[in-house]
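Taken together, the values in this text are just the output of simple stated rules run on the coordinates, not laboratory data. Note that this is a predicted model, so its numbers are computed, not measured. A quick note on method: Cβ atoms are made from the backbone with ideal geometry, for glycine too, and the neighbour counts reach across all protein chains shown.
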Amino acid sequence: MMATLAPSITRIVELNDRCRMGLDHSARIVATRDCLATIAKGDRSIDLVIAQARLLKAVRNFRFAADDRTEHDFGALDLDGERIFFKIDYYDAALEYGSEDPADASITTRVLTIMLARDY
């Protein structure tokens, strides 16, 4: 699949997959409060931590179709009967503006947001 995409898209896919897998140390990964509260099995702090870990695991285990030609910047999955979306956005290093070139990791900070589908 990668060989058929433009080089910049191929690079964006690689960087997005690294972000999703937790391998991009400059990336920010956030889950919405509603998503965490819905997945949590209780209202204790530890319940929210466990919910966060389960969400991260689900996103990291998500597999795009072999013939997927997107930037791997959006996915949908089910967890505990809830439809979960994740989305990667591209910002400049200061997180003030959109990145001028998402294929260039030196000028781009990725933000992965995990949310309930109904909140999208």
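Taking amide H positions as modeled 1.01 Å from N, with prolines and chain starts lacking one, no residue 5 or more places away or on another chain lies under 5 Å from Ala40.
Calculated mean residue ellipticity, 222 nm, the chain: -10000 deg cm²/dmol, from DSSP H runs (n ≥ 4) at -39500 (n - 2.57) each, averaged per residue and rounded to 500.
Using 0.36 nm per residue of separation minus the Cα-Cα distance, give me the extension gain between Leu23 and Ala93 in nm, one decimal. Extending this stretch completely gives an extra 23.5 nm. Take the chain and mark each of the GluC sites (Glu not before Pro) that is in a DSSP loop with at most 12 other Cβ atoms within 10 Å; the longest unmarked stretch, sites excluded, is 1-95. 3J(HN,Hα) along segment 70-78: 8, 7, 6, 9, 8, x, 9, 8, 10 Hz, from the Karplus curve 6.51 cos²θ - 1.76 cosθ + 1.60 with θ = phi - 60°, whole Hz, x for Gly and Pro. Per residue, the convex hull spanned by the alpha carbons of segment 38-114 comes to 121 Å³.
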